[in-house]
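Accompanying notes for the structure given below.
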Amino acid sequence: MNRCLPARPRLSSRPLRLGGAAALSALLLAACTGTEEGNSVLRLAVLTDGGAAVRTVTTGGSSVTPAPADPSVIVSGGVTLDTLPGGRRLALTLTGGIESRDVNLAGSQPFAPPFDAPGFTSPPCLKATVLNAQRDRLLTLSQCEVGGVANTTQQLALYRTDGTLVWRAAAGGAFSPVGTDVPPVRLALVRENGVDIGVVSRPALGGGSEVLRVAATTTGADRAEVSAPVPAPAIRDLAPAPNGTTVYAATDTGVQPLSATGVPDATATLAAFGSTRIDRLWTEAGSGVRGSLIAAWRDPGDRSATPLRLWDGARSNAVDVTLVAELRDVTFALDGNLYALTRTSLTSYDVLYGLSQNNWRATTLLSGLNDARAVTWLVP
């Protein structure tokens, strides 16, 4: 089968406001030469069982089969999964630390202990990990709690992707609010003028969110400084743009880039997603794939299905991929597919056919999962 995957337009640091879908449609449907022997073979790793297991599935060609390695590995306190550069290994974040594993979920290599230093609390209680758009730095956050209430300061550690530590930082003032519709804690990592800057959004006293920026003020310093918190509207999610210096925020009034102070810029709202609430946000840069695709989803909070929406950076409006309930994670992969993980299943959607023909060629790869949490891709 002929299958051309055209280069996707890059997303600039400013929101794109190009009109119409004609340009993209022409790009997607343009003639191309060469015939591939089936689709690219990739392996998907899924964190499931509430973070107690990681399993894999291999996809490609005309079939979907369990990975040749053991499809399920028991872990303790799994938090999230991220593809490392080259796609041959993943970073597995556990509450007690980060380790990398190969495509067979073996060959475990621990990252350096993040907070074994005076003034920090160890062992950690890791809650989130992100990579930058350049895929050469990884930021993780620890917040220990007792009975759902934070009992230590938030701690952050910046790593190189080989597991060596760059710096650590402590951010006081975090609290665990009670009530409904509280904004979550979210992370992002950008590079400005050669300096790695961690961005933390967290719930604020009095409602909404507050944003902190974290960076080393001296080259080579192993401890970073944390800015004073800046009040912001509720931030539901964060995702990097491919330029490496811009972060997009999911807010109650749409998708907006963060300003230099970390506050969502409502004047630059991405018109393609409108001005309604967005709860989850994913970009190709966040998945380790070059391109401008952005996926967004509104969590209704009652397990009902709402549209998973996709924007290519060119057309005027985002398109609906599918109606989905209990969406947990999304990853864009090298084979041109979007993979959506719900609490119980993993499904692939063909972006090329979906955007050009509205035929997403949905394929269920895994079903019957128990409290799935995260998905990422690997190259077997």
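The values are calculated or read from the model by the stated rules, or taken from the named source; none is laboratory data. All of these numbers come straight from a predicted model, not from anything done at the bench. FYI the Cβ positions are ideal-geometry reconstructions off the backbone, even for glycines, and counts take in every protein chain you see. The protein model used for the area step is the full one, side chains on, heavy atoms only, and it has no ligands, DNA or RNA in it. Shrake-Rupley method; radii C 1.70, N 1.55, O 1.52, S 1.80 Å.
Quick look at the numbers
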{"quantity": "For the stretch 159-213, radius of gyration divided by Kirkwood radius, i.e. Rg to Rh on alpha-carbons", "calculated": "1.06"}
{"quantity": "Rg followed by Dmax, in Å, when the chain is reduced to its Cα trace", "calculated": "20.0, 62"}
{"quantity": "GLU192 - accessible surface, heavy atoms, 1.4 Å probe, Å² rounded to 10", "calculated": "60 Å²"}
{"quantity": "Cut-off under 5 Å, modelled amide H: who pairs with SER176 long-range", "calculated": "ALA150"}
{"quantity": "Protection proxy ranking of 217-223, 328-334 - average other beta-carbon atoms within 10 Å, highest first", "calculated": "328-334, 217-223"}
{"quantity": "Cα lying deepest toward the dipole's positive end in the stretch 266-380, options PHE332, TRP377, LEU293, charges on Cβ", "calculated": "LEU293"}
{"quantity": "Cα-based shape type of the stretch 70-144, given that a ≥ b ≥ c are square roots of the gyration tensor eigenvalues and the cut on a/c is 1.5", "calculated": "oblate"}
{"quantity": "Note, ³J(HN,Hα) from phi for the stretch 279-289, Karplus 6.51, -1.76, 1.60, rounded to Hz, x at Gly and Pro", "calculated": "9, 10, 9, 9, 10, 4, 4, x, 9, x, 10"}
{"quantity": "Per DSSP, loop chymotrypsin sites (Phe, Trp or Tyr not before Pro) in the stretch 90-185 with at most 11 further Cβ within 10 Å", "calculated": "PHE175"}
{"quantity": "Ellipticity estimate at 222 nm from DSSP helix runs (n ≥ 4, -39,500 (n - 2.57)) divided over the chain, nearest 500", "calculated": "-1000 deg cm²/dmol"}
{"quantity": "PHE175 versus ALA228: modelled label distance in nm, points set 7 Å from Cα along the beta carbon direction", "calculated": "1.8 nm"}
{"quantity": "Unit charges on C-beta of K, R, D, E only; dipole of the stretch 322-380, Debye", "calculated": "60 debye"}
